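Reviewing the structure listed below.
The values are calculated or read from the model by the stated rules, or taken from the named source; none is laboratory data. Everything numeric in this text was worked out from a predicted model, so none of it was measured. Ideal geometry is used to build each Cβ from the backbone, glycine not excepted, and the neighbour counts take in all protein chains shown. Surface areas here come from the heavy atoms of the whole protein model, side chains and all, with no ligands, DNA or RNA. Shrake-Rupley method; radii C 1.70, N 1.55, O 1.52, S 1.80 Å.
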Amino acid sequence: MNLLVTGAAGFIGSAYVRTLLAAPDAPRVTVLDKLTYAGSPDNLPLGHPSLDLVHGDICDAALVDKLMADADEVVHFAAESHVDRSIVGAGDFVRTNVVGTQTLLDAALRHGVGPFVHISTDEVYGSVASGSWTEDHPLRPSSPYSASKASADLLALACHRTHGLDVRVTRCSNNYGPRQFPEKVVPLFVTRLLDGEKVPLYGDGRHVRDWLHVDDHCLGVDLVRTRGRAGEVYHLGGGTELSNTELTGLLLRACGAGWDRVEHVADRKGHDLRYSLDWTKARTELGYRPRRDFATGLAETVAWYREHRAWWEPRMRRARTRERR
Ligand code: NAD
């Protein structure tokens, strides 16, 4: 079995591939990744006999066609993934998240490849004041990032309805864990606190997110790949809802810092107040259940960043150089 995994030099995809390849019955895995600022080969177990890393773009139709011809199944993680960047400029988000996804779908269709698991996000629904969304809730994305992901979801599902391709869509909550690029809130705050710097808290800090350990997300993705049904959407939630103020308090405590290290900054434009997924369908149909206790998972994540400065310091330096340009 040859599994084509896109975007697996990034945070979640690399965790997924590391888990797959650690199993005794590991499939052959081909990773296609553009190695943008967010992706790096050192996230992958390079040298593993069942792993091939192809440096390339999911919008490159000829390359995608060649790789798809050898693939049996696809898990599609590749995306521009940071909301703040999409607010500054949406072009790359439309190109990779929408056009890139369609390029993969077209090739999968030509070569009859499936299941094709498309990884999406809770952000496609927009904000929910109370209760939790089920999979049939209308999509009302707020940011260019979530709008591009929603567009890709619709194209993927349309490919199933129109052509019968075995497409499955997952929508998950905020992931946390090791190897997340230090621009997302958990690694940004932890690395800044470890460096003795201040951390920027958006607006009044009341925005609520559900938190999911990346390893639990990867287990859920593999349940969808192996046991899910064609044309279905599955929610993969974490079960730990926290306001940004609550999360900040936990991170300050974990890093031994006080509230004087918090700088209140203007709110993100179009900032959704709350996301919340109902994941009953994945639980009852697939046996999905997040296993990692949040307090333990967060403590381990903070410890990982504390012990892996050599991983994040060069990335921070490169990001700052880019910002100054
Ligand atoms: P990430 O930014 O860490 O990694 C994205 C990867 O995609 C990188 O390796 C990058 O090099 C690659 N990539 C970008 N453009 C590409 C292109 N044109 N061609 C090939 N590769 C390209 O992202 P992540 O946090 O690992 O997210 C993975 C997926 O999960 C994304 O689809 C994202 O929308 C979704 N998701 C993430 C979260 C989260 O909390 N991180 C939550 C919900 C959904």
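Pairs only if they're at least six apart or on different chains, beta carbon under 7 angstrom, first in the stretch 77-89 and more than 20 Å from residue 172 (Cβ to Cβ), second modelled with pLDDT of 95 or more and not in a helix (DSSP H, G or I); list them, first residue then second.
Pairs found: 87/143.
If you go through the stretch 53-64 one residue at a time, do you hit one that is near the ligand (Cβ under 10 Å from one of its atoms) and open to solvent by 40 Å² or more (accessible area, probe 1.4 Å)?
Checked against the condition, which is being near the ligand (Cβ under 10 Å from one of its atoms) and open to solvent by 40 Å² or more (accessible area, probe 1.4 Å), the stretch 53-64 yields at least one hit.
Listed here are the residues, each with its yes/no results for (1) among the small types (Gly, Ala, Ser); (2) touching a Cys at 6+ places or on another chain (Cβ under 7 Å); (3) closer than 21 Å to residue 315 by Cα.
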| position | (1), (2), (3) |
| --- | --- |
| 23 | yes, no, no |
| 42 | no, no, yes |
| 91 | yes, no, no |
| 104 | no, no, no |
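One line per residue, one yes/no per condition, for (1) at pLDDT 95 or above; (2) closer than 27 Å to residue 18 by Cα; (3) assigned to a loop (DSSP other than H, G, I, E, B):
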residue: 211; (1), (2), (3): yes, yes, no
residue: 223; (1), (2), (3): yes, yes, no
residue: 282; (1), (2), (3): yes, yes, no
residue: 317; (1), (2), (3): no, yes, no
residue: 322; (1), (2), (3): no, no, no
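Going through the stretch 273-325 one residue at a time, which ones are of a type in the set (D, E, K, R) and in contact with a helix residue (DSSP H, G or I) (Cβ under 7 Å, 6 or more places away or on another chain)?
Hits for the stretch 273-325 are 289, 291, 292, 306.
For the stretch 16-44, how many residues are open to solvent by less than 40 Å² (accessible area, probe 1.4 Å), out of contact with any Asp or Glu (no Cβ under 6 Å at 6 or more places or on another chain) and near the ligand (Cβ under 8 Å from one of its atoms)?
Selection size over the stretch 16-44: 5.
Restricting attention to helices (runs of 4 or more DSSP H) lying wholly within the stretch 78-176, give those where 3 or more residues are more than 15 Å from the ligand (Cβ to nearest atom).
Hits in the stretch 78-176: 101-111, 144-163.
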